[in-house]
Amino acid sequence: MTNQQHKTSVTVLGLGAMGQALAGAFLGAGHPTTVWNRTPGKGDDLVARGATRTATAAEAVRASDVVVVCLYDYAVSQAVLDPLAADLSGRALVNLTSDTPERSREAAAWAAGHGIDYLDGAILVPVTVIGTADALLFHSGPRPVFERHESTLRVLGGNTVYLGEDHGLAAVYDNALLDFFWTSMSGLVHAFALAGADGVKGAELAPYMSALLSIFPEAVESTAVEVDSGVYPGEQAPLVTEAANVDHIIHASEHRGLDVGALSGIKAVLDRAIAKGHGADGWTATIEAVRGAR
């Protein structure tokens, strides 16, 4: 009996860069792997490694016990999955497509209505990290479904985390972490542009950027405590002072012809928080303005 005969069979629907990485990880771990893509011509390398490529999504689904979906968004994934409801019934469907918690829950309701064991998931690492011990993936949905297929899903990443029964949780965590990541990356790029406008090379500023990151672990922990408690200590740096500092950066950026859209958004949030009576509180008090944006 070969090693593959001991392993759960897996189908991967969607062969973009991430889908190919997922299928490659399953193959590398010895899982019989079937692949399908909406447009032909992808997956030659996977087939050369032993994957089975099918002409139709229905054939791909019927080939495996676990079906993993990784497509552009949930509108695309549902367009693919809707005609496959009968084929998916009785199988485990793991959707690793990125989207919103609401769409995750809608997909879960659709799956439940068709007798499909459904897990929602999110991938928090780039393609090159898939299949390694450091790869972080979130899953949410029925615990028995996750536990039944946990060993298979852990092939994709050593840091595979089950979040709970609510199918939307994986997307909640995904959206929140990417919110932090992309706003931070935007600030990083803008800072390089600001310094560069006065002739400072990125490489000259970079060491000080890295040093600044040392305060973030403690800041993350303290901010979490403050947003949960609703207490925002501001003795050392009240919002009125921080708002003035942001104004200085906006003025300097405008003088150099730089885009200030993100900074103006930050200043608007600060101003709303101050107007709500939080001028003497710390930066975390801006959450009151963020929550009251609508």
Open item on the list: If the reach is capped at under 12 angstrom between alpha carbons, list the aspartates and glutamates near Lys267, excluding any in the same chain fewer than eight residues apart.
Closed with: Glu242, Asp247
Task: Simple label model, 7 Å out from Cα along Cβ direction - Glu102 to Asp166, nm - done: 1.6
TODO: Would you please give the FRET efficiency between Leu178 and Thr132, computed as 1/(1 + (r/R0)^6) with r the Cβ-Cβ distance and R0 = 22 Å, to the nearest 0.05?
DONE: 0.65
TODO: Measure off 7 Å from each Cα along the Cα-to-Cβ vector at Met209 and Asp259, then give the distance between these two points in nanometres to one decimal.
DONE: 1.6
Task: Test item: Cα-centred dipole of the range 3-166, Lys/Arg +1 and Asp/Glu -1 on Cβ, debye - done: 440
Task: Nonlocal amide H pairs with Asn159, under 5 Å, H built at 1.01 Å - done: Ala135, Leu137
Task: Residue among Ala17, Ala63, Ala48 with the largest mean-square fluctuation in a Gaussian network model of the chain, springs linking Cα atoms under 10 Å - done: Ala48
Task: the range 197-291 - charge dipole about Cα centre, Lys and Arg +1 at Cβ, Asp and Glu -1, debye rounded to 20 - done: 260
Open item on the list: If the elastic network links every pair of Cα atoms under 10 Å, which of Val80, Val127, Val246 fluctuates the most in the Gaussian network model of the chain?
Closed with: Val246
Task: Distance in nm between pseudo-label sites at Ala191 and Arg62 (7 Å out along the Cβ direction from Cα) - done: 5.7
- [ ] Run the dipole for the chain about the Cα centre, Lys and Arg Cβ at +1, Asp and Glu Cβ at -1, nothing else charged, and hand back the magnitude in debye, nearest 20.
- [x] 920
- [ ] Quick one: which residues, 5 or more positions from Thr52 or on another chain, have an amide H under 5 Å from its amide H? H modelled 1.01 Å from N in the peptide plane, none for Pro or chain starts.
- [x] Thr33, Thr34, Val35
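FYI, it's all coordinate maths here, none of it is from the lab. Since the structure is predicted, the reported quantities are computational estimates derived from the model, not experimental observations. Ideal geometry is used to build each Cβ from the backbone, glycine not excepted, and the neighbour counts take in all protein chains shown.
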